[in-house]
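The structure appears right after this line, and notes come after that.
The values are calculated or read from the model by the stated rules, or taken from the named source; none is laboratory data. A quick note: this is a predicted structure, and the numbers were derived from the prediction, not measured. Using ideal geometry, Cβ is built from the backbone for each residue, glycine included, and neighbour counts are taken over all protein chains shown. Note: areas computed on protein heavy atoms with side chains; ligands, DNA, RNA excluded. Shrake-Rupley method; radii C 1.70, N 1.55, O 1.52, S 1.80 Å.
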Amino acid sequence: MTESTSLASVLEDIARADSETALQDLRLKWVGKKGWITQQMKELGALSPEDRRVRGAELNEWRQAVLEALAEKEAVMRDEAERRTLASESLDLTLPGRRPAVGLLHPLTRMRRRIEDVLVRLGFSLAYGPQIESEWYNFEALNMPVDHPARDMQDSFFVDVPGLVLRTHTSPVQIRAMQQHHGRLPVKVIAPGMTYRRDDDATHVPMFQQVEGLVVDTHISLADLTGTLTAMVRELLGPEVGTRFRPSYFPFTEPSVEMDVTCAVCQGSGCRVCKDTGWVEILGSGIVHPVVLKNGGYDPERVSGFAFGMGIERVAMRIFGLDDLRLLYQNDLRYLERFQSGGGLDIQ
Ligand code: DAH
């Protein structure tokens with residue numbers, strides 16, 4: 001070793017090293033590429049054969065001893081590290097397990113499915129149409145002339161491709177469904193889906209959902225309309241709900257009616273949600289206009305029909321008594337989970 005150290009003191013330094021870096025430093029200092037023992041070995045060539053043999057054996061012995069000491073110390077350090085990890089990470093098998101969060105359907109999806117379910121049980125089948133719709137299906141075919149206010153740029157989202165629009169209602173599926181039936185009777189479909197309008201405030205969002213309904217057959221009358229819709233609403237809101245129909249106007253129905261139900265929040269006595277009237281509007285409907293039947297490929301002299309369109313958000317707002325529809329679209333789970341209790345929608 002150097003003049004001032006001995007093998008014993010080097011081995012002792014190794015045994016006393018208190019960190020991996022300290023140990024690494026000692027390794028470099030003695031047996032590393034530029035370590036002292038390594039350097040000495042390189043200088044053996046300059047010695048006489050006799051000295052070289054003696055010195056070589058000595059250096060080899062030292063090197064061997066240092067390497068062994070390093071390996072031993074490393075093993076000790078590894079054991080200690082493992083013991084420390086085990087002590088700090090001990091498993092407590094008595095702790096309760098962590099439950100993975102279970103996904104839930106969005107309240108509006110549940111509302112839509114519930115409406116679909118009721119209508120399918122009343123004999124309707126599901127029909128679908130594209131969300132990017134032609135102006136013909138969305139407006140013209142439904143007897144909405146070119147100068148109709150809904151066709152204003154302010155109200156509809158037009159697409160760069162001329163003649164296309166994000167459908168402003170599900171009513172175009174009435175035409176598509178009739179065309180797909182090729183004149184067969186009856187047509188009895190509902191069309192749920194996304195619709196788009198340039199509205200954005202507390203009670204309107206630009207993307208919303210509707211459920212359309214269409215029945216075409218021989219001898220369909222307003223009585224079929226009121227009977228079917230009353231049955232649907234009683235099934236959805238409970239048998240004691242009050243209903244009424246008011247005359248209205250839609251270009252694609254004649255006559256047109258709107259349906260009101262007694263307010264679920266105040267049971268009809270008047271409150272903020274129903275603006276003190278005791279009633280809330282739930283859908284638009286009417287007897288299908290002859291022009292619409294014709295555009296669907298049916299003869300208005302031979303058949304008649306009724307149709308209705310319902311805004312799912314609107315129904316949900318009224319049923320839940322919500323002021324601000326936008327909350328349902330902000331995807332804050334703490335808010336949405338309030339509508340999930342009891343396994344079903346808590347609708348009275
Ligand atoms: N499409 C109408 C709207 O979005 C709703 C509607 C009214 C649909 C009367 C109908 C209907 O099928 O007969 O406001």
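Of note:
- Local net charge near TYR137, Cβ-Cβ under 9 Å (Lys/Arg +1, Asp/Glu -1): -1
- Over the range 107-339, Cα pairs under 8 Å with separation of 6+ residues give a relative contact order of 21 percent.
- Three principal axis extents of the range 16-118 based on alpha-carbon atoms, in descending order, are 106, 31, 17 Å.
- The Cα-based radius of gyration and maximum Cα-Cα distance (Dmax) for the range 107-339 are 17.5, 55 Å.
- Normalised by the number of residues in the range 130-205, the average gap of Cα pairs under 8 Å and 6 or more apart makes the relative contact order 35 percent.
- Probe 1.4 Å - accessible area at ASP299, Å² to nearest ten: 70
- For the peptides 164-177, 219-232, 281-294, 201-214, the ranking by mean Cβ contacts within 10 Å, running from highest to lowest, is 164-177, 281-294, 201-214, 219-232.
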